[in-house]
Amino acid sequence: MEQRITTEETAGERTRTGTRSGLGESAPRPDGTLKVTGEFAYSSDLWLEGMLWGATLRSPHPSAWIRSVDVGPALAMPGVFAVLTHEDVPGEKFHGLELRDQPVLAVDQVRYQGEPVAIVAADHPETARRAAAAIVVRYEEREAVTDPRRAVFDPSCPAVHPRGNLVRHQPVRVGRTFEAEVVVTGDYEVGMQDQAFLGPESGLAVPAEDGGVDLFVATQWLHVDQDQVAPCLGLPKEKVRLTLAGVGGAFGAREDLSMQVHASMLALRTGRPVKMVYGREESFFGHVHRHPARMRYEHGATADGRLVYVKAEILLDGGAYCSSTPAVVGNAASLGVGPYEVGNVWIDAYGVYTNNPPCGAMRGFGAVQACYAHESQMDRLAAACGLSPVEIRVRNAVSQGSRLATGQVIDSPAPLADMLAELAAMPLPPAPADEPDLRLLPGGVAQTTHGEGVRRGVGYGVGIKNICFSEGFDDYSTARVRVELAGDEPQVLVHTAAAEVGQGLVTVQAQIARTELGIARVTVAPADTAVGSAGSSSASRQSYVTGGAVKTACEAVRARLDALRAAHPELSLEEVLERFGPVEETREYRHRPTFPMDPVTGQGDSHTQLALCVHRAVVDVDVELGLVKVVELAAVQDVGKILNPSALEGQIHGGSAQGLGLALMEEIQVRDGRVRNPSFTDYLIPTILDMPPMRLSVLENPDPHAPYGLRGAGEPPTLSSTPAVAAAVRAATGLDLPRVPIRPEDIALSPVAG
């Protein structure tokens, strides 16, 4: 079940400080060929002789009391080994990332459609599913709280939790001037986006001889899983051992628990390995989603377009449980005005409980929602001031030395004005031909149009994203690096708990080791809890903190090796290792401290690093049918230091694709607390036919506080691509379009300007 990954180069490819596949090179991904050929072992491929299969019974109601649960019909079925409810939870009955408010299995009530009520283990997956369906639960439905505004502002609204419906309110207060020559206002909405990873939740729990459990699972954060699973099982942490299994995408949805406790409970009860694999529909209910948002903004400026003030109300629907809602609110509040200089700010950001599906981490993490609103406002302000969308942004752009709305000073390069100028100077794609290729038109080969009714639009978007964890979180990573002889050649073994979720982290760790130690053969051990925590593969943080930990551990190893070789100059490296044995060092790496936002004013140095990306989108819109074809995306992003050019390009393309999806097609449709489209038939994500060509310019302005000067790069393009595409559709149609995703009926059923 381990996938130990070794990357190696010949001795002729080494240099004194690294190798050809050190930092700055497009080192090939060691898992790439396996994934392309279908040989890579994902968590859903795990198998042990004699294992059982787990299945989950979920609530059909968004809000109901549980009056009784009869597991008898399930237990009576041949092949069923266990049926468990909340009464069988051996330890604590609740877990959660920031607040332990989510039951392992529903106790006396359900708070969202799809909440787990009971679990089953059987000798065949179909038997397990039929047994789960045979469990008889008597519910008493009650009023579901589905309107987030009512949930937090209406005193008569029922409480989803005893503590009320407000998860967090974060104000930001700066200045006293809230009058201006030019004022624009807008109400905006962002729908509920799904992370839509292709590998559903899955894993294998194996009971151990010491009474503990070994859990092989696709996750983003091994140690926080361990911290939550162990208390629920009533076990000490050292008896709950986690190893990362092959992950088929994550994007935030694997930070929260899904099947981890359930599979472990069933394995411990039956004494046999238990495998759980969600189907696609169950996956939509089994993980958190992006917070849908309702936002009200007011921007005031001078007649020549200089920002005077920004007011905003940001309302984030967290759904039934807390998850990471408090941190999402903090991001939305602190980055709510975008990367612009403005002396007066009045922001209120709210995260609320409802009986809608739980929401938590997704790429962009609160900044995506705010970015769509503040960028839509900047376009409105440009029009009101008679300026271009680029010029209004240049006039208000932050730079090094600027202050955020929280008072935090940007103390590293932030060349936003230059980035915008470079983006605007990029050539536009050619105008449509007189007889265009149907494949290049909205609707494609469906032949919905031959060019009539098609209009072109161009739009811009700017995003600023915090990198690493914020607001005082003890954010660190641990790395163990060992140099030893493998046969007659030196080898580096790198061991961290950092989750490879598709971003290329395994490759980067090996590149750092080669660069620091000058040894070609590097093995990256499987990520597990046998080494100290590496934190989550989220917040674009792993290259920063785990990269920093690997770098620091390598430096410690190199210092010891250099001392040995200095004491024995007659010996080669190989001879030193042969005589004195392996050299191993473990190091923790922390970025500089951050601080919580003030609960009244929102002031504070809450972030450790900030990253900028700007997008330009060109679209063709069939204004009669409401169909949109994105013709081109162009992006300029500052990454501080390029570690792996091809991997970086993939991150920018991937983030842009998710932003395009949010702009035009991706939304979980929830009505009265019920999900209406839990499938990839009805939840649409961009395909290769939807993604346009991209022009990229990647800047390297090093951050002096970060390892190698790097900036996290995975999230920023997700922010700016959505408002750029939306702005381009507005430019083509003349419509306000205050909500994403923009649906065909939003265009076709509205009177198009001009």
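The values are calculated or read from the model by the stated rules, or taken from the named source; none is laboratory data. Keep in mind that what you see is a predicted model, and the values were worked out from it rather than measured. Note that we place each Cβ from the backbone using ideal geometry, even for glycine, and neighbour counts take in every protein chain shown. The area values use the complete protein model at the heavy-atom level, side chains included, leaving out ligands, DNA and RNA. Shrake-Rupley method; radii C 1.70, N 1.55, O 1.52, S 1.80 Å.
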Exercise for review: Among the listed pairs K465/K629; K35/K275; K237/K551; K465/K551; K275/K465, give every one whose C-alpha distance is greater than 31 Å.
Suggested key: K275/K465
Check your understanding: Counting DSSP beta bridges with both partners in the chain, what percentage is antiparallel, nearest 5?
Key -> 80 percent
**Study point:** Value in Å of the Kirkwood radius, where region 600-754 supplies the Cα pairs that are averaged
**Key:** 17.2 Å
Review point. Rounded to two decimals, what ratio of Rg to Rh does region 343-448 give with C-alpha atoms and a Kirkwood Rh?
Key: 1.09
Review point. What is the Rg over Rh value, at two decimals, for region 547-606, using alpha-carbon atoms and the Kirkwood definition of Rh?
Key: 1.40
Practice item. Take the Cα atoms of region 370-522, find their three principal axes, and give me the spread along each one in whole Å, biggest first. Key: 70, 49, 26
Exercise for review: Report the Stokes-Einstein translational diffusion coefficient (µm² s⁻¹, integer) for region 274-408, Rh taken as the Kirkwood radius over Cα pairs, at 4 °C with viscosity 1.567 mPa s.
Suggested key: 80 µm²/s
**Study point:** Base-10 log of normalised Debye intensity for region 173-281 (one unit scatterer per alpha-carbon) at q = 0.10, 0.15, 0.18 Å⁻¹
**Key:** -0.41, -0.65, -0.85
Check your understanding: On full extension of the chain, what length is gained from K239 through L48, given 0.36 nm per residue of separation minus the C-alpha to C-alpha distance?
Key -> 66.7 nm
Review point. Which percent, nearest 5, of DSSP beta bridges in region 160-259 are antiparallel?
Key: 50 percent
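Show me the helices of the chain, taken as full DSSP H stretches, that run 20 Å or more along their long axis by Cα and average 0.5 or above in Kyte-Doolittle hydropathy.
716-733
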Review point. Excluding ligands, DNA and RNA, what is the solvent-accessible area per residue of the chain at a probe of 1.4 Å, expressed in Å²?
Key: 36 Å²
Review point. Hey, what's the per residue convex hull volume over the C-alpha atoms of region 529-568, in cubic angstrom?
Key: 59 Å³
Study note, to complete from the structure: Put H495, H705, H374 in order of accessible area, largest first, probe 1.4 Å, and you get H705, H495, H374
Review point. How much length, in nm to one decimal, is gained on full extension between E126 and V409, taken as 0.36 nm per residue of separation minus their Cα-Cα distance?
Key: 96.1 nm
Revision key, fill the gap. A correct Kirkwood calculation over the Cα atoms of region 184-235 returns a hydrodynamic radius in Å of 14.6 Å
Study note, to complete from the structure: The relative contact order of region 383-468, taking Cα pairs under 8 Å that sit 6 or more residues apart, comes to a percentage of 20 percent
Revision key, fill the gap. PRE zone check, label point 7 Å out along Cα-to-Cβ of D210, amide N under 19 Å, scope region 231-262, hits 231-244
Point to revise | Over the chain: helical MRE at 222 nm, DSSP H runs n ≥ 4 each giving -39500 (n - 2.57), nearest 500 | key: -8000 deg cm²/dmol
Check your understanding: Based on the Kirkwood radius over alpha-carbon pairs, what value in µm²/s does the Stokes-Einstein equation return for the translational diffusion coefficient of the chain at 37 °C and 0.692 mPa s?
Key -> 121 µm²/s
Check your understanding: Under a plain spin-label model, where a point goes 7 Å from the Cα along Cα-to-Cβ, how far apart in nm are H568 and D147?
Key -> 7.8 nm
Review point. So between D108 and A530, what do we pick up on full extension, going 0.36 nm a residue minus the alpha carbon distance?
Key: 148.2 nm
Exercise for review: Could you please state how large a percent of the accessible area of region 655-754 is carbon and sulfur, counting protein chains only and using a 1.4 Å probe?
Suggested key: 55 percent
Review point. Got the relative contact order for the chain handy, in percent, Cα pairs under 8 Å and 6 or more residues apart?
Key: 17 percent
**Study point:** Three semi-axes of the equivalent ellipsoid, region 611-697, Cα gyration tensor, whole Å, largest first
**Key:** 28, 18, 11
Check your understanding: Rounded to the nearest 0.05, what FRET efficiency is calculated for T37 and A486 with R0 set to 30 Å and r the Cβ-Cβ distance?
Key -> 0.70
Check your understanding: Under 14 Å from a point 7 Å along the Cα-to-Cβ line of E700: which residues of region 598-642 have their amide N that close?
Key -> 638-642
Study note, to complete from the structure: Sorted on mean Cβ neighbours within 10 Å (highest first), peptides 148-160, 307-319 come out as 307-319, 148-160
Practice item. Could you quote the convex hull projected area for region 433-559, Cα atoms only and averaged over all directions, in nm²? Key: 14.4 nm²
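Highest first, please rank the peptides 439-450, 191-202 by the mean number of other Cβ atoms sitting within 10 Å of their residues.
191-202, 439-450
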